[in-house]
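Take a look at the structure set out below.
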Amino acid sequence: MDPVSAGCWGAFFGTAALMAGIALVAWVRLHRRVALTAGLSALVSALFAAAYLGAMPLAGAAEARVLAHLGMAVASTLALMLLALLGLLRQQGAARRAVATLAIVDVLVLGTGWAMPAERALFLSVAAAFLMACCMLAIAMRRARRGDRLAWSTVAAMAFLLPALGGLGWIALDRDAGWAVHAVSALAGMAYLSVMAAALWARYSYLLELSEVMAHGPSYDPVTRMRSHNETGQMVGDLFFQRDAEARPVGVLAVCIANLYALENLHGRAAFNHALFICAGRLRRCVPQTIEMGRLGEDGFLLLTRSMEDLRALERLARQLRDRLSRPVSLSISREPGLIDARGTSWAADVGIGVLSTSTKVRPAQAVATARAMARTAWSYGTRIAVFDPQAGQIAEMSVHPAAVAAA
């Protein structure tokens, strides 16, 4: 092997070793599912590359036969790990079907290969592994188009895995392949491991954050990342307080979730905290940066804004929050670190939103109390959104069609 090829493959194996070390740290921190996926990705990729580069003490037909079997085993293992990363193996039925399908494909490919010369069997195995990776890419793209952020990382990983598989297959079939084939294969393999490490780190950090939330509960604010509700009171005071005498408009949105306590009574505090964590994450992803957020009691959130150029924007935001928060979610009901991301119970938030347009002349406590009362009243409305009707002088349901939010 020429120096350029050796250097590229050295970098690849170094990347695999680094990823294995990260997996070991995750294992020590008890996040064993993530650690197992990362460690297997690094180990399997490194062993596969070493074998196809000619590291085995075999040659000729014997080597080709072993590589054919190894290629299918590695392709099936990587496919299962990617499906697990996408969350498609959480249900036992789906996991059994995936394992059975991959086993059938392996048996068919390897059985057909034994009826062929060794080199043709190796070529068939490489082609089958490549097609299997293409199927995984299609599945990941389908998930990504449905809004799964982690699936986009999987799409990128599979896009790098395809040239790595093709290049290693070329090298196994032709030991005189040029340095360019080695370089492209090694660099694609490094990119694949890097993207997989990033995706697993995103999953790992999510589990770490979720562990903190489920351990501390309401004392750990999942929106502002504070451990005290006092920060919300400080936020309200800063927004309403001003040194000049001129009154300025303020938009107040209160979000209250009606079925959180019922969830706690049925499944315990861990499920309660998990639901609160999920709702807070959805809020952060859809609320503009011009809006300040904070906790409002144990069952709600408070949103404040001075961007009141278009009052109907508050209603549009309220509709968006209602639709986003009301989506069903699968909650964990276990406090065990290794089972935190396991599928537990399906739950959908019963949201009530109070939309209030007021000014800095109003006492902050009065504005927050009014918005919260409106949010709780909205639980009885079909739209789940309440506004203040100045003509009737009382809380009213927001109309089905967008309308201006009246000033309080």
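Pairing residues of the range 320-331 that are in a loop (DSSP other than H, G, I, E, B) with residues that are open to solvent by 80 Å² or more (accessible area, probe 1.4 Å), at Cβ distances under 9 Å and at least 6 apart in sequence or on separate chains, gives 328/346.
Residues in the range 349-408 that are touching a helix residue (DSSP H, G or I) at 6+ places or on another chain (Cβ under 8 Å), farther than 28 Å from residue 237 by Cβ and at pLDDT 85 or above: 349, 350, 383, 384, 397. Just one of the numbered conditions (1) in a helix (DSSP H, G or I); (2) open to solvent by less than 70 Å² (accessible area, probe 1.4 Å); (3) within 27 Å of residue 171 (Cβ to Cβ) is not true of residue 56: (1).
Can you tell which of 47, 24, 40, 18 is within 17 Å of residue 199 (Cβ to Cβ), out of contact with any strand residue (DSSP E or B) (no Cβ under 9 Å at 6 or more places or on another chain) and open to solvent by 80 Å² or more (accessible area, probe 1.4 Å)? Walk me through how you get there before you give the answer.
Numbers: 47 fails: within 17 Å of residue 199 (Cβ to Cβ); 24 fails: within 17 Å of residue 199 (Cβ to Cβ); 40 fails: open to solvent by 80 Å² or more (accessible area, probe 1.4 Å).
Going through 47, 24, 40, 18 in turn, just one is within 17 Å of residue 199 (Cβ to Cβ), out of contact with any strand residue (DSSP E or B) (no Cβ under 9 Å at 6 or more places or on another chain) and open to solvent by 80 Å² or more (accessible area, probe 1.4 Å): 18.
Looking across the range 381-394 at every residue that is more than 33 Å from the chain's Cα centre (by Cα) and within 20 Å of residue 302 (Cα to Cα), the one that is surrounded by the most Cβ atoms within 10 Å (Cβ to Cβ) is identified as 387. With respect to the conditions (1) within 17 Å of residue 316 (Cα to Cα); (2) of a type in the set (A, V, I, L, M, F, W, C); (3) open to solvent by 40 Å² or more (accessible area, probe 1.4 Å), residue 369 lacks only one, and its number is (1). Here residue 104 meets the list (1) open to solvent by 60 Å² or more (accessible area, probe 1.4 Å); (2) under 30 Å from the mean Cα position of the chain (by Cα) almost entirely, failing just condition (2). Quick check: is even one residue across the range 301-317 within 27 Å of residue 346 (Cα to Cα), crowded, with 20+ Cβ neighbours inside 10 Å and touching a helix residue (DSSP H, G or I) at 6+ places or on another chain (Cβ under 7 Å)? Scanning the range 301-317, I find at least one residue that is within 27 Å of residue 346 (Cα to Cα), crowded, with 20+ Cβ neighbours inside 10 Å and touching a helix residue (DSSP H, G or I) at 6+ places or on another chain (Cβ under 7 Å), so the answer is yes.
The residue of the range 178-215 that is modelled with the lowest pLDDT, among those that are surrounded by fewer than 16 Cβ atoms within 10 Å (Cβ to Cβ) and over 20 Å from the mean Cα position of the chain (by Cα), is 215.
Residues of the range 139-177 that are open to solvent by 60 Å² or more (accessible area, probe 1.4 Å), free of Cβ contacts under 8 Å to residues at least 24 places away in the same chain and of a type in the set (A, V, I, L, M): 141 alone.
Sort out which residues of the range 318-327 are small (Gly, Ala, Ser) and surrounded by fewer than 20 Cβ atoms within 10 Å (Cβ to Cβ), and write them in order of number. Before you say what the answer is, go through the steps one by one.
First pass over the range 318-327, keeping only residues small (Gly, Ala, Ser): 318, 326.
Residue satisfying the conditions is 326 alone.
The number of residues in the range 67-95 that are in contact (Cβ under 8 Å) with a residue 12 or more places away in the chain, over 14 Å from residue 125 (Cα atoms) and open to solvent by 60 Å² or more (accessible area, probe 1.4 Å) comes to 2. Within the range 272-295, residues that are in contact (Cβ under 8 Å) with a residue 60 or more places away in the chain have Cβ atoms under 7 Å from residues that are among the polar types (S, T, N, Q) and open to solvent by less than 30 Å² (accessible area, probe 1.4 Å) in these pairs: 274/332; 294/232; 295/232, counting only partners at least 6 apart in sequence or on another chain. Taking first residues from the range 96-123 that are touching a residue at least 24 places away in the same chain (Cβ under 8 Å) and partners that are surrounded by fewer than 14 Cβ atoms within 10 Å (Cβ to Cβ), the Cβ contacts under 9 Å between residues at least 6 apart in sequence or on separate chains come to 117/61; 118/60; 118/61; 118/62; 119/61; 121/114; 121/115; 123/116.
Give me the residue from the range 256-295 that is under 17 Å from residue 231 (Cβ atoms) and in a strand (DSSP E or B) and, out of that set, most open to solvent (accessible area, probe 1.4 Å). Among them, the one singled out is 292. Figure legend. Inter-residue proximity from the range 7-35: first residues on the phi > 0 side of the Ramachandran plot and modelled with pLDDT under 80, second residues open to solvent by 20 Å² or more (accessible area, probe 1.4 Å) and assigned to a helix (DSSP H, G or I), beta-carbon distance below 8 Å, spacing 6+ or different chains. Indicated pairs: 30/337; 30/338. Every condition in (1) under 30 Å from residue 18 (Cβ atoms); (2) part of a helix (DSSP H, G or I); (3) hydrophobic (A, V, I, L, M, F, W, C); (4) in contact (Cβ under 8 Å) with a residue 12 or more places away in the chain holds for residue 64 except the one numbered (1).
The values are calculated or read from the model by the stated rules, or taken from the named source; none is laboratory data. Because the structure is a prediction, the values reported are computed rather than measured. Cβ: placed from backbone, ideal geometry, glycine included. Neighbour counts: every protein chain shown. Side chains included, ligands, DNA and RNA excluded: accessible areas come from the protein's heavy atoms. Shrake-Rupley method; radii C 1.70, N 1.55, O 1.52, S 1.80 Å.
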